[in-house]
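*Asks:* Below is a structure I'd like to ask you about.
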Amino acid sequence: MKLGINALGRIGKLTLWHHVGRKYFSEIVVNTGREIGRGLADLAASIDRDSTYGRLGNYLHGFKGGQVIENLNEIEGTMTINGVPVRILRESRNPKDIKWKENGVRVVVDTTGVFNDPTADSDSRSGALRGHLAAGAEKAILSAPFKIKQQGLNMPADAVTTVMGINAEDYIPSKHNLISAASCTTTCLSYMMKPLLDQIGAENFLSASMVTVHAATSSQKVLDSLPKTGAADLRKNRSILNNIILTTTGAAKALRLVIPEMKEIGFIAESVRIPTSTGSLIVLVVNLQDDLDDPIKRERINSIYREFAKTSPYLQYSDEQNVSSDIIGTPFAAATIEGSETHTRTATIRVNLNKIKGCAASEPIMIVPVTQAVIYGWYDNELGSYTNMLAERTVSIAEQMV
């Protein structure tokens, strides 16, 4: 089976790295939609080198390294990478015009970050994710959360959001042709929430919140620049090299699609961008209704993650004292729990029942024991965590195709 990759941004390039190493697909067809530099040699140089992860040869073969991109054919737009045939398409940027069918591509991973609306028609003038299907692909996998632009429209029946190892079974091969792999932050967050929900029970969660201390992304500016016409968030145009920048995240909304129990829990998600190239951290705070005679302690929280990590290949538990660079490149670690920093505090809160609508109590004050837990989860928002998890999802979908 052949794999299609649309775009070679951060996730697209690293997706290519993963699959030329994994060698599940017999050939990889990459659409850039335009000429790169002065030709195929410049594209090969861009693929081969990365400021965060080093040289492709070292990624594939460790200290042995070596040249892994060979047999460049400018006219045909082909090369071999680590022995895997790779074809570059440079003509079309609109998904419906990409020659997937002509090249025998059945599965496409769209990494543009642009075509995120599953309701958009394939003939949309500006392009649409569904255009990949019109161009001959059978499955289109999105490396971002779905975003429905028109209010009032529901998620199409053939679209689904999944995180590998969390709700992969929600994908039905005969039904779903558009698959979102959520985001790097949602992927990490799902592996922080799922073990707690399974062991403590969603009914015991009073509220939850998270902040992701997130590495820079390519949408941010190296130097200050003028905002576009009508731009509301002026911070997006400030230099990421010099600032900690407050921004937003759609992780809370996407998490509800992946873990339905979250719909019943009040949840807030925030994001802070910092000047690092990759390696991010989620600070998760949960408030739990507890029992004063046997309160939830730090060790119980950590034991939940330790046990989950024994059965899940995608969660790691660590008692070490890590920093962000320690996480970079860690394979298939959707989340790495920093157990040494888990904290809990149990106390009682006073609830005035007369402030609850429809409640008239003879004893208006209720004393409720509540435990607040703070949990830290690392993730490599580019290669180690997200791209590897995206690739796992891609291969699992390909394996179910006939």
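*Asks:* Please tell me if G113 is surrounded by fewer than 16 Cβ atoms within 10 Å (Cβ to Cβ), within 25 Å of P331 (Cβ to Cβ), in the same structural domain as A137 (by TED's automatic domain parsing) and within 29 Å of the chain's Cα centre (by Cα).
*Replies:* Spelling it out, it is not the case that G113 is surrounded by fewer than 16 Cβ atoms within 10 Å (Cβ to Cβ), within 25 Å of P331 (Cβ to Cβ), in the same structural domain as A137 (by TED's automatic domain parsing) and within 29 Å of the chain's Cα centre (by Cα).
*Asks:* Continuing with this model, one more query. Tell me which residues, restricted to the range 309-337, are more than 20 Å from the chain's Cα centre (by Cα) and either more than 23 Å from L197 (Cβ to Cβ) or not small (G, A, S) (or both).
*Replies:* Scanning the range 309-337 gives K310, T311, D319, E320, Q321, N322, V323.
*Asks:* So which residues in the range 95-142 are modelled with pLDDT under 95 and charged (D, E, K, R), if there are any at all?
*Replies:* Within the range 95-142, D123, R125 qualify.
*Asks:* Going through L153, L129, L133 one at a time, which residue ends up being outside any loop (DSSP other than H, G, I, E, B) and either surrounded by fewer than 16 Cβ atoms within 10 Å (Cβ to Cβ) or not hydroxyl-bearing (S, T, Y) (or both)?
*Replies:* Just one listed residue meets the conditions, L133.
*Asks:* Next question. Take the conditions over 23 Å from G266 (Cα atoms) and in a helix (DSSP H, G or I) and apply them to E169. Does it pass?
*Replies:* yes
*Asks:* What's the total number of residues in the range 334-371 that are within 30 Å of A182 (Cβ to Cβ) and either among the charged types (D, E, K, R) or in a loop (DSSP other than H, G, I, E, B) (or both)?
*Replies:* Matching residues across the range 334-371 total 4.
*Asks:* For the range 268-283, state whether one or more residues are in contact (Cβ under 8 Å) with a residue 12 or more places away in the chain, surrounded by 16 or more Cβ atoms within 10 Å (Cβ to Cβ) and out of contact with any strand residue (DSSP E or B) (no Cβ under 9 Å at 6 or more places or on another chain).
*Replies:* no
*Asks:* S225 - would you say it is on the phi < 0 side of the Ramachandran plot, out of contact with any helix residue (DSSP H, G or I) (no Cβ under 6 Å at 6 or more places or on another chain) and of a type outside the set (A, V, I, L, M)?
*Replies:* no
*Asks:* Which of (1) modelled with pLDDT under 95; (2) closer than 20 Å to S218 by Cβ does N242 not meet, given it meets every other one?
*Replies:* All conditions pass for N242, except number (1).
*Asks:* From the residues in the range 176-209 that are part of a loop (DSSP other than H, G, I, E, B) and among the hydrophobic types (A, V, I, L, M, F, W, C), which one is nearest to A254 (Cα to Cα)?
*Replies:* So, considering only residues that are part of a loop (DSSP other than H, G, I, E, B) and among the hydrophobic types (A, V, I, L, M, F, W, C), the one nearest to A254 (Cα to Cα) is A182.
*Asks:* Output yes when any residue across the range 148-155 is modelled with pLDDT of 95 or more and in contact with a Lys or Arg (Cβ under 9 Å, 6 or more places away or on another chain), and no when none is.
*Replies:* no
*Asks:* Only one of these conditions is not met by P145: (1) more than 18 Å from A335 (Cβ to Cβ); (2) outside any helix (DSSP H, G or I); (3) in the same structural domain as K13 (by TED's automatic domain parsing). Which number is it?
*Replies:* Evaluating P145 over (1) more than 18 Å from A335 (Cβ to Cβ); (2) outside any helix (DSSP H, G or I); (3) in the same structural domain as K13 (by TED's automatic domain parsing) leaves (1) as the failure.
The values are calculated or read from the model by the stated rules, or taken from the named source; none is laboratory data. These numbers were taken from a predicted model, which means no experiment stands behind them. Glycine also receives a Cβ, built like all others from the backbone with ideal geometry; neighbour counts cover every protein chain displayed.
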